[in-house]
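Here's the structure we're looking at; comments come further down.
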Amino acid sequence: MDNRNRVEVLGDQAKQGFSCGVDALDRYLLRQASQDQRKEVAVAYLLMDREAEKVAGYYTLSAASVRSDKLPENMRVKLPRHEELPTALIGRLAVDHRYQGHRLGGFLLLDALLRCLDTSEKMGLLAVTVDAKDDRARAFYEAFEFRRFIGEEYHLYLPVAKIRSLT
């Protein structure tokens, strides 16, 4: 992939043929992503291979919240005493099987994190959260310094302050 291939908001791009190896993620892009976007519950971002006119990967973003008691005490004591705190959710992230092994998952994650950082400058966001589907996905996010919420094996977060410190 080169700089002619950019991440863009889902529109009229051809999505047929996308296959990441996880049926639920494939079906979501083909059947549900446009509806969720029209209903304003999630926005899908596509990494397009312009040369092949194919979706190389995608992720979704939406607003979310997390209960404050799911955060570690050392983080909680520095925050307002609200029951729920604002977050952004990366709801799905997938790379087509033809593009796997080229670090595009990390590229898409970085793109999502930078969009969330930009959003955090316009409205309050404590962290970016994900719900990893399995051990492999959890390991992927933990490699990027996501942490597990208290008592949650697959619900992870990365504080916006940490993202900011890395840029």
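Brief remarks on what is shown
- Net charge dipole, the chain: roughly 200 debye, given to the nearest 20, about the Cα centre with Cβ charges of +1 for Lys and Arg and -1 for Asp and Glu.
- Label separation (Arg31 vs Ala161): 4.3 nm, computed from points 7 Å beyond Cα along the C-beta direction.
- Backbone HN-Hα couplings from phi across segment 95-103 [Karplus 6.51/-1.76/1.60, Hz, Gly and Pro as x]: 10, 4, 4, 6, 10, 5, x, 10, 6
- Taking the charge dipole of the chain about its Cα centre, with +1 at Lys and Arg Cβ atoms and -1 at Asp and Glu Cβ atoms, the residue from Gly57, Pro159, Tyr141 reaching farthest to the positive side is Pro159.
- DSSP loop GluC sites (Glu not before Pro) with at most 11 other Cβ within 10 Å excluded, longest remaining stretch of the chain: 1-39
- When the Cα positions of Leu46, Ala14, Ile150 are compared along the charge dipole of segment 7-166, Ile150 comes out farthest toward the positive end, with charges on each C-beta of Lys, Arg, Asp and Glu.
- Folded to 0 to 90 degrees: helix 104-120 orientation relative to the chain principal axis, Cα: 50
- ³J(HN,Hα), Karplus 6.51/-1.76/1.60, whole Hz, each residue of segment 36-44, x for Gly, Pro: 4, 5, 4, 7, 6, 9, 7, 10, 9
- Interchain or long-range residues, amide H under 5 Å from Phe18's placed H: none
- Here Lys162 is the anchor, and the lysines within straight C-alpha reach of less than 23 Å, apart from those fewer than 8 places off in the same chain, are Lys70, Lys78, Lys122.
- Here the label points at Gln16 and Ala143, each 7 Å from Cα along the C-beta direction, are separated by 3.4 nm in the simple model.
- With q set to 0.12, 0.14 Å⁻¹, the log10 of I(q)/I(0) for segment 1-91, from the Debye formula over equal scatterers at the Cα positions, is -0.51, -0.62.
- Considering only segment 7-166, percent of DSSP beta bridges that pair antiparallel, nearest 5: 85
Only the coordinates and a few stated rules stand behind these numbers; no lab work does. This is a predicted model, so every value here is computed, not measured. Glycine gets a Cβ as well: all are built from the backbone with ideal geometry, and neighbour counts include every protein chain shown.
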